[in-house]
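Contents: one structure, followed by commentary.
Only the coordinates and a few stated rules stand behind these numbers; no lab work does. Quantities reported herein were computed from a predicted structural model and do not represent experimental measurements. Don't worry about glycine lacking a Cβ; one is built from the backbone with ideal geometry, like all the others, and counts go over all protein chains shown.
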Amino acid sequence: MLDISNDYQIFDNSEAVTIQNPGVNAIIANNVVRRPAITSITESNGQSWYYQSAEFWVWKNELPVGFSPKVNAKITDNLGRIYNVDSCDDGAFRTRWVLKATSQAGQLGD
C-alpha cells in the first residue's frame, strides 16, 4: 500500500515558521504549507493601510507534544514577516491546524 502520510513535505513547497501563543515561548513548526494570500487595502483619515490575509496549514506531527496554536498567536515566516492568527481550525481528520492570519500593517509579501 502506498504511504502518503508525509506527501505534503514533498509536493507543497513547505516552509518553517515560528508560532508564539500569547504569553508563551515561541516554537518552530517545520513543513508548514502557506495557502495563497489575499492583499487588501483599507483607507482611514486619508491614509492607506495594506495587509494580507493568509492561511497556514500546520501539521500536528511537526509540533511539540501538547502544543496547540491559539487565536492572537503570532506567526513569523521565513522572511521575517509577522502575522496575527485570527482563527484556528482543527481540520482534516485532526491531523493539522488551519490557521487563518492577517499580516501586521505594511508587511506585504512578494
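A few points about this structure:
- Phi-derived couplings, Karplus 6.51 cos²θ - 1.76 cosθ + 1.60 at θ = phi - 60°, listed residue by residue for the range 21-32: 5, x, x, 10, 5, 6, 10, 9, 10, 8, 6, 7 Hz, with x used for Gly and Pro.
- Cα gyration tensor category, rounded, prolate or oblate, for the range 47-98 with a/c compared to 1.5: prolate
- Label-point gap, in nm, between residue 79 and residue 44 - each point 7 angstrom along Cα→Cβ: 2.5 nm
- Calculated FRET efficiency for the pair residue 55/residue 26, C-beta based, R₀ 25 Å, to 0.05: 0.80
- ³J(HN,Hα) computed for each position of the range 46-63 - Karplus, 6.51 cos²θ - 1.76 cosθ + 1.60, integer Hz, glycine/proline x: x, 10, 10, 10, 9, 7, 10, 9, 9, 10, 10, 9, 10, 6, 4, 6, 9, 9
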